[in-house]
Amino acid sequence: MDSATLIQTLLNSVVTSSVYALVAVGLAMAFGVMKMANFAHGEFFMVGAYTVYVLYQLGGFNFWVAVALAIPIVALLGVATERIIFRQTGANILAGFMATVALGFVLQVAVGRIWGVGLMKRIDTPYMGAADIGDAHVGWQRLLVIPCAIAMLIALRYFLYNAKLGKALRACAQDPEAAALQGINIRNMTMLAMALAGASAGLAGALMAPIAAITPYMGHGVILIAFIVVVVGGMASIGGAVIAAIILGFIHTFVATLTDSLIATMVGVGFMALTLVVRPQGLLGREKS
Amino acid sequence: MALLEIRNLSKNFGGLAAVSEFDLDVEEGEIRGIIGPNGAGKTTLFNVISGTYRPSGGTIIFEGRSIAGKRPSAIAARGAVRTFQRTALFEEFDTLGNVSIARHLHAKETIFGAIIGTARKMERANEKRAEEIIEFIGLGEVKHELAINLSHGHQRALNVAMALAAEPRLLMLDEPVAGMNPSETATMTDIIRSLRKDWGITVILVEHDMRTVMDVCEKITVINFGQKLAEGTPDEIVSNNDVIEAYLGSDDILGEDF
Amino acid sequence: MKNPNGAASTPAGGSALPTPSAAASNPDWRRKYGGWIAVIAILAALCVIPFYMKFYHIELSIIYFMSVILAVSYRLITTTGDWSFAHIILQGIGAYATALLAKHVGIPFIVMVPLAGLVTAAVGAIVMFPMLRTKGFAFFIASFAFGEFIRMVWMKVNNPFGGTGGIVNIPSPELFGLKLTSSVNYYFACMAFMVAAVFIMWRLDRSRIGNAWKAIHTDDMLAECMGVNVARYRTLAFVVGSFFAGIAGALLAYRMGSIDPHNFEITQMVYLVIWVVIGGASTFWGPLIGVTILTVAFEWSRPLLEWRPLMFGSLLIMFLIFLPGGLESLLPALRRPPGEHYARFRRWLTTFRPG
């Protein structure tokens, strides 16, 4: 691997890690609060991408307006999922999971029926050109994902640790019963968690829209990756998810560059299986006594 | 040689020692009580002996063979069976069904036997034994009731019946009279006594209810902070200063039930 | 489908634990033999109808028989509380084993089908060994990971699995010189395997082994302390389920003549889950009801091909929310004591604890 490829791969790794982190953080948060295992998270990502496609490409909105609108739209979808599915399935994790698998089907068909299944949608890149770093070329549109992801993660962290609502959410994730005794409304918190999960997935989808292939089935690849990251990070841990996203983003990009993307996915899936069997609490998690 | 010999047993969770350097000898035919304040390590001790937890150190010898670190099912197969502090039942089966399942160890069935149906005769003998046990425990009237519909007293009694169905030589009862009313408690006490007298079973009893322990056990071990605090007859234990102090130091008052 | 429940309470299930209705000796012959009569009637009907069916419907019935084997064997694994997400992959292992061995070694049909089951059972045992450390949702995700890994191996490895193109030209099945390429002949071959598989799994479900599985589901710690070796019995359930999934895979491979990794995608697995959940997993007959009704519904929805995932997805959501016990929970509602409903409901609610 020469230096240009190395730099290029490193930058791509950072981009991949950023997207992984954005997607996985939402999934981990939903699982942390009330054990909501949302398989439709990949479809949330897809809806985010379609929002940009519809508003920016078809509707002629400014790219950033489209991205900004994708966040509340998908957040709303998250809230609806909580109300319709997770509130009913309650403590039964698997039932919630199955129901969201089905929800994924529903969203795929709905989107496919409205905007067509056939060829993937092309979006004109708002930021053409590439940055030249050393001998490497990386598209501006790709690099743009990094600051956006970092900004979102910092905002999320600030919210969780400093805002009153965020603290309540964390308390709820740690011990729902104790949180309820403190007067925290668990239902509102689960709704908030799903809204934040939707928001981050929506943002990730919106940012990736000009780069990724937009089809109703684009969520498939995303959800597999997201589950790998979340499992390796320790299922319910947001910090763990971010770190796992960075590690797996690098592994995936390097393996994919050196071999091919199928092998890279196999490595990821193998990593996940190994984590579940050897360290079910995740890479960073501590064993419960 | 004692039926159960425990030497230097310890169990740590992370840095916390739930049981440490614990010795215990239980002779054949004994009814041994184990008491201690809340969180003293009684249930952890049970969990380690029965194989639910793996010991961090020490030896557990049952009938001359080590059982430390074995699976609970293997330990049950050796003849040391436990009950749970919580009401643990197979809720969707009836009383007879619960006891029948608990006879698992004595109802060898192969997968081909199950398919062809050769197990019928054995299963009939099994059922007869299960009914004997149910009658002995006094659950005959609710033989066909679903376990989940039984009264609390009956459920606790069913727990003991299930443990008996495994034909133990050592029976470890974890708070068998918890939540029972006085008449249910009296019945259970009688059952525990006749377990030894009629069935020849050695019993270890972890119990919160002092009256029961003092009533049925001739030897009591007191455990506090995971260590043995005292051991002796009920009279010795009641007058032991360490024990009184330990109980006064915690929220439990020894005299509560006296 | 109602009467086989009657069969369940006859003394014919000799090793079954007595249920209240069985123990209270019931002289009513209809109760005693009604189930058997119904089963024989259904079998007789199945033997006659292919001669009056259109080609297309015979083909459909063949697929239906495979689906029955899959659904019943999947439900068998779930009786221990282990909801797997790799059952279709196990079917794929049977199919790949068949394709490779029948093609390259030339093993005949009648030997190959059980052999495919054995190969799948062996793979199931190997995969289950690490997965024993997980339970509940973690088990589910782990089985998903292992299954996807196996599927990606098929996609990646060209020799011998043929990569994404799969394996073509699987020899056509023959039974003692009788060509099974004809639909009617293959119909009967599949039916024979289906009946045998269902019968065996029914016997297991009602046996002491089946009760041990259910006991593990309710309270694995209690079962272990009562002497049930939980690890061994969970493995046994998974291996038996794998065996029959492998048989379904062999039947599929022979019918299609070619297989590729896309036959065993997650979508297929989701449909399997839909059959079992909508039918109801708490009794033996639930998945049979589910697979029967949904096969019919699936055919009816053929004109709405593109809307199918949406329709069946919505159906699954509705069932999970409003009727978690499945259709099966509606059927014997009048016959059961009310407490049992509560027990089932409780069990369903508390089934899946985090690992």
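The values are calculated or read from the model by the stated rules, or taken from the named source; none is laboratory data. Note that the coordinates shown come from a computational prediction; the quantities given were computed from them, not determined experimentally. Neighbour counts are summed over all protein chains in view; Cβ atoms, including those assigned to glycine, are modelled from backbone coordinates with ideal geometry.
If the condition is being within 20 Å of the chain's Cα centre (by Cα), in a helix (DSSP H, G or I) and surrounded by fewer than 21 Cβ atoms within 10 Å (Cβ to Cβ), then the range B:83-112 contributes B:LEU105, B:HIS106. Among the conditions (1) facing another protein chain (nearest Cβ under 9 Å); (2) touching a Phe, Trp or Tyr at 6+ places or on another chain (Cβ under 7 Å); (3) of a type in the set (Asp, Glu), C:GLU328 misses just one, which is (1). For C:THR292, the stated conditions do not hold, so it cannot be described as within 11 Å of chain A (Cβ to nearest Cβ), outside any loop (DSSP other than H, G, I, E, B) and among the β-branched types (Val, Ile, Thr). C:LYS179 meets the stated requirement of being closer than 30 Å to C:ALA44 by Cβ, more than 9 Å from every other protein chain (Cβ to nearest Cβ) and among the basic types (Lys, Arg).
Just one of the numbered conditions (1) within 21 Å of the chain's Cα centre (by Cα); (2) of a type outside the set (Lys, Arg); (3) away from chain C (no Cβ under 14 Å); (4) surrounded by fewer than 16 Cβ atoms within 10 Å (Cβ to Cβ) is not true of A:GLY134: (1).
Could you tell me whether A:MET272 is away from chain B (no Cβ under 14 Å), in contact with a helix residue (DSSP H, G or I) (Cβ under 8 Å, 6 or more places away or on another chain), buried (at least 19 other Cβ atoms within 10 Å of the Cβ) and assigned to a loop (DSSP other than H, G, I, E, B)? No; evaluated as a whole, the condition is false for this residue. One residue alone among A:ILE123, A:ILE71, A:ILE150, A:ILE85 is under 22 Å from the mean Cα position of the chain (by Cα), β-branched (Val, Ile, Thr) and outside any helix (DSSP H, G or I), and that residue is A:ILE123.
Here B:ASN47 clears all of (1) more than 14 Å from chain A (Cβ to nearest Cβ); (2) closer than 24 Å to B:VAL160 by Cβ except the condition numbered (1).
Among all residues of the range A:73-85, there is none that is hydroxyl-bearing (Ser, Thr, Tyr), within 11 Å of another protein chain (Cβ to nearest Cβ) and farther than 22 Å from A:ILE228 by Cβ. The set of residues from the range A:2-52 being farther than 15 Å from A:ILE228 by Cβ and β-branched (Val, Ile, Thr) comprises A:THR5, A:ILE7, A:THR9, A:VAL14, A:VAL15, A:VAL33, A:VAL47, A:THR51, A:VAL52.
Looking at C:ILE93, C:ILE170, just one residue is part of a loop (DSSP other than H, G, I, E, B) and either polar (S, T, N, Q) or more than 14 Å from chain A (Cβ to nearest Cβ) (or both), and that residue is C:ILE170. Taking the numbered list (1) assigned to a helix (DSSP H, G or I); (2) touching a helix residue (DSSP H, G or I) at 6+ places or on another chain (Cβ under 9 Å); (3) within 13 Å of chain A (Cβ to nearest Cβ); (4) not aromatic (Phe, Trp, Tyr) in turn, C:LEU305 passes all entries but (2). How many residues does the range B:75-122 hold that are among the hydroxyl-bearing types (Ser, Thr, Tyr), farther than 14 Å from C:ASP219 by Cβ and either more than 7 Å from chain C (Cβ to nearest Cβ) or in contact with a Cys (Cβ under 9 Å, 6 or more places away or on another chain) (or both)? Here the count works out to 3. Every listed requirement among (1) buried (at least 17 other Cβ atoms within 10 Å of the Cβ); (2) closer than 28 Å to A:VAL242 by Cα; (3) β-branched (Val, Ile, Thr) is met by A:VAL65 save one, (1). The residues on offer are C:LEU320, C:LEU294, C:LEU288, C:LEU251, and the sole one that is under 26 Å from C:ALA145 (Cα atoms) and modelled with pLDDT of 90 or more is C:LEU251. Considering the range C:119-134, the residues that are within 14 Å of another protein chain (Cβ to nearest Cβ) and under 19 Å from C:PHE244 (Cβ atoms) include one that is surrounded by the fewest Cβ atoms within 10 Å (Cβ to Cβ), namely C:ILE126. Take the conditions (1) part of a helix (DSSP H, G or I); (2) crowded, with 22+ Cβ neighbours inside 10 Å; B:ILE115 misses just one of them, which is (2). Taking the range B:145-258 as the region of interest, the strands (runs of 3 or more DSSP E) fully inside it that hold 3 or more residues being surrounded by 22 or more Cβ atoms within 10 Å (Cβ to Cβ) and within 15 Å of the chain's Cα centre (by Cα) are B:170-174, B:202-206.
Answer yes if at least one residue in the range A:142-150 is in contact with a strand residue (DSSP E or B) (Cβ under 6 Å, 6 or more places away or on another chain), under 30 Å from A:PHE61 (Cβ atoms), exposed (fewer than 14 other Cβ atoms within 10 Å of the Cβ) and not hydroxyl-bearing (Ser, Thr, Tyr), and no otherwise. No, the range A:142-150 contains no residue that is in contact with a strand residue (DSSP E or B) (Cβ under 6 Å, 6 or more places away or on another chain), under 30 Å from A:PHE61 (Cβ atoms), exposed (fewer than 14 other Cβ atoms within 10 Å of the Cβ) and not hydroxyl-bearing (Ser, Thr, Tyr). Screening A:VAL117 on (1) in contact with a Lys or Arg (Cβ under 6 Å, 6 or more places away or on another chain); (2) in a loop (DSSP other than H, G, I, E, B) shows it passes everything except condition (1).
Of the helices (runs of 4 or more DSSP H) contained entirely in the range C:204-280, those carrying at least 3 residues that are closer than 28 Å to C:VAL184 by Cα, within 17 Å of the chain's Cα centre (by Cα) and touching a residue at least 12 places away in the same chain (Cβ under 8 Å) fall at C:230-256, C:266-279. Looking at B:ARG32, B:ARG7, just one residue is at pLDDT 90 or above, touching a Gly at 6+ places or on another chain (Cβ under 9 Å) and of a type outside the set (S, T, N, Q), and that residue is B:ARG7.
Only one of the numbered conditions (1) over 27 Å from A:LEU143 (Cβ atoms); (2) touching a helix residue (DSSP H, G or I) at 6+ places or on another chain (Cβ under 7 Å) is violated by A:ARG279, and that is (2). Taken as a whole, the structure places B:LYS42 among residues that are over 17 Å from C:ASP219 (Cα atoms), crowded, with 23+ Cβ neighbours inside 10 Å and among the basic types (Lys, Arg). As for the range C:81-90, it holds at least one residue that is buried (at least 22 other Cβ atoms within 10 Å of the Cβ) and at positive phi.
Checked against (1) under 21 Å from the mean Cα position of the chain (by Cα); (2) within 20 Å of C:ALA248 (Cα to Cα), C:ILE42 meets all criteria but (2). Condition (residue is at pLDDT 90 or above, basic (Lys, Arg) and outside any helix (DSSP H, G or I)) applied to the range B:74-82: is it met by at least one residue? There is at least one residue in the range B:74-82 that is at pLDDT 90 or above, basic (Lys, Arg) and outside any helix (DSSP H, G or I).
For C:ILE141, the stated conditions do not hold, so it cannot be described as within 14 Å of chain B (Cβ to nearest Cβ), of a type in the set (A, V, I, L, M) and either surrounded by 15 or more Cβ atoms within 10 Å (Cβ to Cβ) or assigned to a loop (DSSP other than H, G, I, E, B) (or both). For the range A:241-254, the criterion of being in a helix (DSSP H, G or I) and within 14 Å of another protein chain (Cβ to nearest Cβ) is satisfied by at least one residue.
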